[in-house]
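I have placed the structure first, in the form of structure tokens, so that the comments after it can refer back to it.
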Amino acid sequence: MTSKNWPALEGIAYGGDYNPEQWPREVWDQDVALMRAAGVNFVSVGIFSWAMLEPKEGLFDFTWMDDLLDLLHANGIAVDLGTPSVSPPAWFFHAYPEARVTLKDGTVMGFGSRGMASHASPEYREAIARMATALADRYGNHPAVVLWHVHNEYGVPVAEDFGPRSVAAWQRWLQRKYETLDALNGAWGTAFWGQRYLDWDHVVAPAATPTIANPAMKLDWARFTDDQLRECFRIERDILHERTSQPVTTNFMAHQSWNTDLWKWAQEVDVVSDDHYLWSPDPDAHVGLALSADLTRSVGGGKPWILMEHSTSAVNWQGHNIAKRPGEMRRNALTHLGRGADGIAFFQWRASRSGAEKFHSAMVPHAGQNSRIFREVTQLGQHLKDVAEIQGATTKADVAVLYDWESLWAHDLEWRPSDDMQFRERMRAYYERLWRDGVQVDFAHPEADLSQYRLVVAPTSYLLTASAGRNLTQFVQNGGTLVVGAFSGIVNEFDAVHEGGFGAPLKEALGLTIEEFLPLRSGETCAVHYGAEALPSDAWAEDLALAGAEVRGTFDGGPGDGLPAITRHSLGDGQAWYVGTRLGVTALAPVLADVYADAGITLLDRPETLEIMTRHGETYDFVVVCNHANDDAHLSITGTDLLSGTEIDGQLTLAGGDVAVVRTAKEERGGGR
Ligand code: GLA
């Protein structure tokens, strides 16, 4: 991370995206009065305001923004000031039509919606620099501004650009990376299918091709696209750093983003911020929320972060936009807090009457202030004041889950052995098992220092470099416990199968390699005999070549009938488990129970639906307890529930759907191994 410090606010930041340019001036006064009533102390403005701030090229109009920032400041509301680079105005695309994004099939994206111009466009880069400079010079010393919010959700709605300028930038990028065409040809394996390049200008982008494009090229293209987005971010960030004193962020989308490698992005911002929306087809969407929050905290190195956007109720962009029921928003917001957020914000303050997002919920809904949603918004504002002392408290975990965007990119390319093996599905299944078991986790990059963890879980590590393999082997040798999911350790950073075969980088740790994949037909199932249990499994089996691992589970039925499915291997002071099939959340339970025993992890006696998150402050611990069931739940704990003000003497009884934030004596624990 870079140098400028967050927090700039005392207590938890609370608010949302505020887009007052949609409303007549008198509504602004009502807005700030309502914000104060709701306990709002932080709003993001200007994110989509380019057309209002620079109505003609080079001609700025800051009068309305001056008025807005002064009004907010006079009412004690801090500002996260957006740079509007996500949404260039109509005049820009009219003047520079070549700055539009070209899709893979050659379609050129038009104006009339939102989304950035081509990241490779010099006119776009010049225009965003001009805007960032003007904003920095105008508001760099404005007392309302505590944070800069560059762009919005890099990578959506469109990240890739296949236009000629982008392809030229791609060729330069490749030249910097590989230096020689021999190196590029080797890395991409262009000897196959006659793809050999003899001239840098002939290197194409993976646009429309008759059949699949070279996968190593596609993987590099994903890296290039991510780099280009980050280059655009840096243009603005550096201007802001040079000319202002406030920290800079851009809002991530953790597990919901595809185009951005957040391990890299988190190094570029002063404070990590994230947007999260419940995925309505998922009946347990709160588990996805927890995953996203843990991932966000982890990419930021464990520091407190800001939840920049979530929703008070329904969104408007899913197939079925499910409204949150009473109490759900409170559970969602406080779960983010429990998992490390020191700021809680929404999209958006007041529901839009017009435009694309009028059916999206807001802090002030169309029903107005006399509504359930606004009452809950106000209650949450009070809660966040009541828990202000949690600010800065950190989390600790004994378990790391490996997450690598490069592996996601490579995994999701075409022509894999089975469409049923999906990165996100596997990540979620293992995470959900850990969540249901009440195990607090961090996420980690496979090449990170893992020595603070007892257990490392690698649900899906298709791309695993040789050095990551050595890192994991060392971790086991030093006494750690490792569990690896199927289809891991298959390719290197060029999407080339490892020398030594499938699983070679983990051979020493796992005591095996994979001789052949044996995917199942769609809908076909088999079982794994594990101790006395028959665990249902599907999608995937393997023919393992054991090299020291002991067999703990065996396939019953399916293509792997009678072959080893689950193994355990001791190496040095540690153990490494391998699960060579697809097990669901329930079937993973007995396996992970044994893994926990190896790792010396003991589980708290609690119902699965009672989510417990601990943040460690300097003087106290803060335990956020969230009851996702309909019935009362009980937890042994002593302290004060900061939400209700009640003293808890040994046992907390939490009603169905309720949340408590218990300030308690600091836990005596060493942590780590
Ligand atoms: C994204 C955007 C917001 C808004 C919300 C709606 O997160 O950043 O501007 O469109 O989605 O859910």
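The values are calculated or read from the model by the stated rules, or taken from the named source; none is laboratory data. Everything quoted here is computed from the prediction, not taken from an experiment. Note that we place each Cβ from the backbone using ideal geometry, even for glycine, and neighbour counts take in every protein chain shown.
The table below lists the values:
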| read-out | value |
| --- | --- |
| Sole exception among (1) in a loop (DSSP other than H, G, I, E, B); (2) over 26 Å from Glu153 (Cα atoms); (3) outside the structural domain of Asp538 (by TED's automatic domain parsing) for Phe374, by number | (1) |
| Complete set of residues in the stretch 256-287 that are under 16 Å from Trp435 (Cα atoms) and either within 15 Å of the ligand (Cβ to nearest atom) or part of a loop (DSSP other than H, G, I, E, B) (or both) | Asp282, Pro283, Asp284, Ala285 |
| Among the candidates Glu153, Glu98, Glu160, residue that is part of a loop (DSSP other than H, G, I, E, B), under 30 Å from Tyr197 (Cα atoms) and of a type in the set (Asp, Glu) | Glu160 |
| Single condition Asp658 does not satisfy, out of (1) in contact with a helix residue (DSSP H, G or I) (Cβ under 9 Å, 6 or more places away or on another chain); (2) of a type in the set (Asp, Glu); (3) under 30 Å from Val457 (Cα atoms) | (3) |
| Of residues in the stretch 489-545 being of a type outside the set (A, V, I, L, M, F, W, C) and part of a helix (DSSP H, G or I), the one surrounded by the fewest Cβ atoms within 10 Å (Cβ to Cβ) | Glu508 |
| Hey, Ala38 more than 16 Å from the ligand (Cβ to nearest atom), at pLDDT 95 or above, small (Gly, Ala, Ser) and within 32 Å of the chain's Cα centre (by Cα) or not | yes |
| Check on Asn251, surrounded by 14 or more Cβ atoms within 10 Å (Cβ to Cβ), away from the ligand (no atom under 16 Å from the Cβ) and at pLDDT 95 or above | no |
| Residues that are part of a helix (DSSP H, G or I) and either more than 16 Å from the ligand (Cβ to nearest atom) or under 30 Å from Gly381 (Cβ atoms) (or both), drawn from the stretch 41-66 | Met52, Leu53, Thr63, Trp64, Met65, Asp66 |
| Complete set of residues in the stretch 603-635 that are farther than 27 Å from Ala285 by Cα and loosely packed, with under 15 Cβ neighbours inside 10 Å | Glu618, Thr619 |
| Residue within the stretch 166-178 that is at negative phi, modelled with pLDDT of 95 or more and either touching a Gly at 6+ places or on another chain (Cβ under 7 Å) or outside any helix (DSSP H, G or I) (or both) present | no |
| Failed item, numbered, when Ile601 is tested on (1) closer than 27 Å to Tyr453 by Cβ; (2) in a strand (DSSP E or B) | (2) |
| Options His119, His151; residue that is more than 16 Å from the ligand (Cβ to nearest atom), of a type outside the set (A, V, I, L, M) and buried (at least 16 other Cβ atoms within 10 Å of the Cβ) | His119 |
| Which numbered condition Arg350 fails, given (1) of a type in the set (Lys, Arg); (2) in contact with a helix residue (DSSP H, G or I) (Cβ under 9 Å, 6 or more places away or on another chain); (3) away from the ligand (no atom under 14 Å from the Cβ) | (3) |
| Residue within the stretch 634-644 that is in a strand (DSSP E or B), in contact with a strand residue (DSSP E or B) (Cβ under 6 Å, 6 or more places away or on another chain), at pLDDT 95 or above and closer than 30 Å to Ala486 by Cα present | no |
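Each row is one residue, and each column tells you yes or no for (1) buried (at least 20 other Cβ atoms within 10 Å of the Cβ); (2) closer than 30 Å to Asp449 by Cβ; (3) touching a Phe, Trp or Tyr at 6+ places or on another chain (Cβ under 6 Å).
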site	(1), (2), (3)
Phe359	no, no, no
Met363	yes, no, yes
Arg372	no, no, no
Thr378	no, no, no
Thr394	no, yes, no
Ala397	yes, yes, no
Glu406	yes, yes, no
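Conditions tested, residue by residue: (1) assigned to a helix (DSSP H, G or I); (2) more than 14 Å from the ligand (Cβ to nearest atom); (3) under 15 Å from the mean Cα position of the chain (by Cα); (4) of a type in the set (Phe, Trp, Tyr).
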{"site": "Ser311", "(1), (2), (3), (4)": "no, no, no, no"}
{"site": "Asn316", "(1), (2), (3), (4)": "no, no, no, no"}
{"site": "Arg330", "(1), (2), (3), (4)": "yes, yes, no, no"}
{"site": "Leu334", "(1), (2), (3), (4)": "yes, yes, no, no"}
{"site": "Asp342", "(1), (2), (3), (4)": "no, yes, no, no"}
{"site": "Ala356", "(1), (2), (3), (4)": "no, no, no, no"}
{"site": "Phe359", "(1), (2), (3), (4)": "no, no, no, yes"}
{"site": "Gly368", "(1), (2), (3), (4)": "no, yes, no, no"}
